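First the structure, in the form of structure tokens, and then the observations on it.
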Amino acid sequence: MSAIEHICLLGFGEVGQTLAADFRAAGCTQLTAFDLLFKDSKSACARAAAAANVGIASSATEAVASADLVVSAVTAAQDLAAARSVVGALQPGAYFLDMNSVSPGVKTQAAALIDASGARYVEAAIMSPIAPKRIASPMLFGGKHAAAFLTLAQQLGFTGATVFSDQIGRASAAKMCRSVMIKGMEALLTESLLSARHYGVESTVLDSLRNLFPAADWSTLARYMISRSLIHGRRRAEEMREVAQTVSEAGLEPHMSAACAQRQDWAAGFREAASIEELEAMLDAVLSRAQAEKTAC
């Protein structure tokens, strides 16, 4: 395959919408998408697809028909379901880029399904938030087809991508182990500073963190990381359950990752507080609602 002409996006959330815009900017004119939420034509992702002039398919099999590249950017829990949904409909030799945050074991299962269908599975792990660098974000590609795909991917704008391993699972292992720290810090900061605010000692806690790690602006960092949990907690909780599975696959008990998934899930219930710019006021809004809900129960 000398060029990518038709791209299909499975999942049209934040990552799918970002990639669609960047594929357009790279000159790709044939874009189709499928998302389970397309069943509701008034859903946010359906409206976003229409606004982006992306072909809205009624099924996954319809979406991938004639596609040279299929990008799977669904929620972690839907990774295998997305792969299964297109088996038998993929073009022989088409690339299937799995960008989902799941365990190495899940990626291995997905790769077996796709490669057995005659398509070419490429594992991808996004090693930063997608927003700042978009399609050029640092990514690790893996699998036996990764090296062949890299040149085509760079032409589309994946300039931050590198081939990490020809073995499926290693790129995802790096991503998942990173998430133990990043999503874990979000959960820890949420729990620490909400409790500290309750006792009126949040400034003392932040000052002590500045003494321990002086390079960071802890007030700004804490506000950012906590807000990410409030906005994306559901998705992060799914990812952390996959992280817990990754830790289990390594032969360890995932005590920290499992607890992080619970805190991320909880944080998602306070999404509206994320719009508050000042850290203390944001913490107060979460505490107030949490207390109101506890009293109501």
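Let me check against my output: what whole-number percent is the relative contact order of the chain, with C-alpha pairs under 8 Å and at least 6 apart? Each step should come with its number before you reach the end.
Numbers: 527 pairs, mean separation 39.7, N = 297.
Rounded, it is 13 percent for the chain.
Given the peptides 69-75, 250-256, arrange them by the average over their residues of other C-beta atoms within 10 Å, most packed first.
The peptides rank, most packed first, as 69-75, 250-256.
Could you look at the range 16-153 and say what percent of its accessible area is carbon and sulfur, using a 1.4 Å probe and all protein chains?
Of the solvent-accessible surface of the range 16-153, carbon and sulfur hold 57 percent.
Going by amide H atoms built from the backbone, whose H comes under 5 Å of the H on Ala161, apart from near neighbours?
Met139
Put +1 on the Cβ of every Lys and Arg and -1 on every Asp and Glu Cβ in the chain; which of Gly118, Gln155, Met139 then has its Cα farthest towards the positive end of the dipole?
Of the options given, the answer is Gly118.
Which is the longest run of the chain containing none of the GluC sites (Glu not before Pro) found in DSSP loop states (not H, G, I, E, B) with at most 15 other C-beta atoms within 10 Å? Mind dumping the intermediate values first?
On the way: sites that count: Glu5, Glu277, Glu278.
Counting only loop sites that pass the neighbour cut-off, the longest clear stretch is 6-276.
How far apart, in nm, are two points set 7 Å out from the Cα along the Cα-to-Cβ line at Thr18 and at Ala44?
Each label point lies 7 Å from its Cα, and together they span 1.5 nm.
Given a cut-off of under 8 Å on Cα pairs at least six residues apart, what relative contact order in percent is computed for the range 104-207? Numbers along the way, then the final one.
Working: 128 pairs, mean separation 25.1, N = 104.
Once divided by the residue count of the range 104-207, the mean separation gives 24 percent.
Test of understanding: what is the full-extension gain from Leu212 to Arg289, defined as 0.36 nm times their sequence separation minus their Cα-Cα distance?
Once the chain is fully extended between Leu212 and Arg289, it gains 24.5 nm.
Report the charge-dipole magnitude of the chain in Debye, nearest 20, computed about the Cα centre from +1 at each Lys and Arg Cβ and -1 at each Asp and Glu Cβ.
On the way: 26 positive and 29 negative charges, 34 e Å.
So the magnitude is around 160 debye.
If you roll a 1.4 angstrom probe over the protein chains with everything in place, what fraction of the accessible area of the range 179-273 belongs to carbon and sulfur, to the nearest %?
After summing per-atom areas, the C and S share lands at 59 percent.
For the range 147-297, what does the accessible surface come to per residue with a 1.4 Å probe? Please give it in Å². Spell out each step's value before the answer.
Values: 8040 Å² over 151 residues.
Here the residues of the range 147-297 average 53 Å² of exposed surface.
If you stretched the chain out fully between Ala268 and Val201, how much longer would it get, using 0.36 nm times the residue separation minus the C-alpha to C-alpha distance?
Extra length from Ala268 to Val201 when fully extended: 21.7 nm.
Enumerate lysine pairs in the chain that are 8 or more residues apart or on different chains, then count those whose Cα atoms are under 24 Å apart.
On the way: Lys107/Lys144; Lys107/Lys175; Lys107/Lys183; Lys133/Lys175; Lys133/Lys183; Lys144/Lys175; Lys175/Lys183.
Lysine pair count for the chain: 7.
Can you give the % of DSSP beta bridges in the range 38-184 that are antiparallel, to the nearest 5? Provide the component values of the computation, followed by the final result.
Values: 4 of 16 bridges.
In the range 38-184, approximately 25 percent of DSSP beta bridges are antiparallel ones.
Choose one of Ala258, Ser203, Ala216: the residue whose Cα lies farthest towards the positive end of the charge dipole of the chain (beta-carbon charges +1 Lys, Arg; -1 Asp, Glu; about the Cα centre).
Going by the charge dipole, the pick is Ala258.
The values are calculated or read from the model by the stated rules, or taken from the named source; none is laboratory data. What you see is a predicted model, and the numbers here were worked out from it, not measured in a lab. Backbone-built Cβ (ideal geometry, glycine too); neighbour counts: all protein chains shown. To get the accessible areas, we keep the full protein, side chains included, count just its heavy atoms, and leave off ligands, DNA and RNA. Shrake-Rupley method; radii C 1.70, N 1.55, O 1.52, S 1.80 Å.
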